[in-house]
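Please read the structure below before turning to the comments.
The values are calculated or read from the model by the stated rules, or taken from the named source; none is laboratory data. Note that the coordinates shown come from a computational prediction; the quantities given were computed from them, not determined experimentally. Methodologically, a virtual Cβ is constructed for each residue, glycine included, from the backbone with ideal geometry; neighbour enumeration extends over all protein chains shown.
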Amino acid sequence: MANEHSRQLAHRLEQGAAALAAFANALSDAEWQTRFAADGRKAGVIVHHVASVYPLEIQLALKLAGGKRIAGVTWTDVHEMNARHAYEHDAVTKQAALDLLKSNSSAAADVIRSLTVEQLAQAAPVSLYSDAPLTCQFMLEDHAVRHSFHHLGALRSALRPSSSRHVEQHNL
């Protein structure tokens, strides 16, 4: 049976995924195809990216939950993976991305709910962070839970700047 802490983490992940899905679903075809100057990815590719990396983010968190170090993963690897994903999924449809977002976020939340307080607190060195010993909970919060919110904010700012300012002011 899940503990309250795990349930709350899973709920936050689901909230972010739902907010990203709602925003993405409302995008016009032109907005879905909009490329971003920072890295050249289309809006739709970014939504698909978030959905597609949930399994990897959960796998890394589970490694930490088991007290095992994460070695050999660098930010260069992450950027290369993202570029490869963008190339391979450049023509992703809205429905395909939203379906993957729904299924992978649901699966990720189910795994998070299964974690014990002890597993969330387990720490081990993480190469992505200069071998700093990090907890499973930190890895979840910094990656799987935060990821949809991070990209949703960037998409809102780029595609709907006036509504983005309103949301930011409202949340202050």
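Of note:
- Among the residues examined, ARG69 qualifies as more than 26 Å from ARG160 (Cβ to Cβ) and among the basic types (Lys, Arg).
- Of the residues in the range 6-20, not one is at pLDDT below 95 and in a helix (DSSP H, G or I).
- Taking the criterion of being surrounded by 18 or more Cβ atoms within 10 Å (Cβ to Cβ) and under 14 Å from HIS151 (Cα atoms), the residues of the range 17-43 that qualify are ALA17, LEU20, ALA21, PHE23, ALA24, TRP32, ARG41, LYS42, ALA43.
- Only one of the numbered conditions (1) modelled with pLDDT of 95 or more; (2) surrounded by fewer than 16 Cβ atoms within 10 Å (Cβ to Cβ) is violated by TRP75, and that is (1).
- For ALA132, the conditions (1) farther than 30 Å from ALA26 by Cα; (2) in contact with a Ser or Thr (Cβ under 8 Å, 6 or more places away or on another chain) are fulfilled apart from (2).
- Identification of helices (runs of 4 or more DSSP H) wholly contained in the range 88-172 with 1 or more residues that are under 22 Å from GLN33 (Cα atoms), at pLDDT 95 or above and aliphatic (A, V, I, L, M) yields 94-114, 146-159.
- Residues within the range 43-70 that are free of Cβ contacts under 8 Å to residues at least 60 places away in the same chain, among the small types (Gly, Ala, Ser) and either under 18 Å from LEU9 (Cα atoms) or out of contact with any Phe, Trp or Tyr (no Cβ under 6 Å at 6 or more places or on another chain) (or both), tallied: 4
- Here the range 128-160 is the region considered, the condition is being free of Cβ contacts under 8 Å to residues at least 60 places away in the same chain and under 30 Å from LYS42 (Cβ atoms), and the residue that is surrounded by the most Cβ atoms within 10 Å (Cβ to Cβ) is LEU128.
- Annotation: ALA124 fulfils all but one of (1) of a type in the set (Gly, Ala, Ser); (2) surrounded by 15 or more Cβ atoms within 10 Å (Cβ to Cβ); (3) under 17 Å from the mean Cα position of the chain (by Cα); the unmet one is (3).
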